[in-house]
1. Which residue fluctuates the most in the chain, going by a Gaussian network model with Cα springs under 10 Å, if the choices are 190, 106, 96?
2. Give me 255, 232, 172 sorted ascending by neighbouring Cβ count inside 10 Å, so fewest comes first.
3. Give, to the nearest whole percent, the P(r) tail of the chain beyond 32 angstrom, counting all Cα pairs.
4. Using a 10 Å cut-off around each Cβ, can you sort 314, 43, 93 from fewest to most neighbouring Cβ atoms?
5. Which residue fluctuates the most in the chain, going by a Gaussian network model with Cα springs under 10 Å, if the choices are 140, 131, 275?
6. How far apart, in nm, are the 7 Å Cα→Cβ label points at residue 264 and residue 177?
7. What is the angle, in °, between the Cα long axis of helix 167-179 and the longest principal axis of the Cα atoms in the chain? Nearest 10 is fine, range 0 to 90.
8. Of the beta bridges DSSP finds with both residues in the range 95-229, what % are antiparallel, to the nearest 5?
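Nothing in this text is a laboratory measurement; each read-out follows from the coordinates by a stated rule. What you are looking at is a predicted structure, and each value in this text was computed from that prediction instead of being measured. Counting neighbours? That spans all protein chains shown, and the Cβs are built from the backbone with ideal geometry, glycine included.
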């Protein structure tokens, strides 16, 4: 009888220990997210990246129930911010903006240690075209005049870029190749700065994203020439496409969210699901169109595969350009 009582007491104590330990583990691993999330934008405030991220995260806060803090880490054509993101803790509380060319920055800039393996792809949320704008003092009002001016002054017509070796730069290369001209590159820290330079007549031409240029276009401070998408922008239907202007190419840049390498699949799943819901929210879509953001959602394994394919595509383009 005594042995049975001892055995029962031992079982009771072991059970109590296991229950307490299990409760502690449950309490130490609360559901994600349970605190503020930092979002790194490697470009300046007011640019296309900044505008789009702030709009998407405004709606993500509603879906996830947590606040997002935007940290603009500009400089080095985005490399400073991307380096900070790559080195962040992979706990889901430091995420970042990402776009088409960044995984190949190591081919373009000295000292860059991150590559495609340094980040965890989460979701694509946009695929934005550029808009070609000219300064009022340049006298350029259409693509034909732009090319004529470039041919008349080879290598001297200033062409503003929102960063070296960015989507802006690849559009410039495409245009130079298609038209047989050469522009003088002016590199800025973000498209918004390039737009400001054109508006101030300090740069002849720039190719910002629509979201970066809308305010200055509406204010009449710059001259919109063409848009690089396959179709005209619904809220500025008077602006022709580059293809309509006689140059057979289009050019867009995808925008996405990523985390540092090693971000858990469970966290990615939570974030991707929330982003997917935002992408189907009618109020968000209305705001995105008004802001000049061309929404396009790809998530999960499909985006992970796209991310790797895009890395290889731009790697070939850059290696060819550097020869």
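1. In the Gaussian network model the winner is 106.
2. On the way: 255 25, 232 15, 172 22.
The most exposed by this proxy come first: 232, 172, 255.
3. Everything past 32 Å amounts to 35 percent.
4. Ascending number of Cβ neighbours within 10 Å: 93, 314, 43.
5. Residue with maximal mean-square fluctuation among 140, 131, 275: 140.
6. For residue 264 paired with residue 177, the spin-label model returns 4.4 nm.
7. Approximately 30 degrees, to the nearest 10.
8. 55 percent
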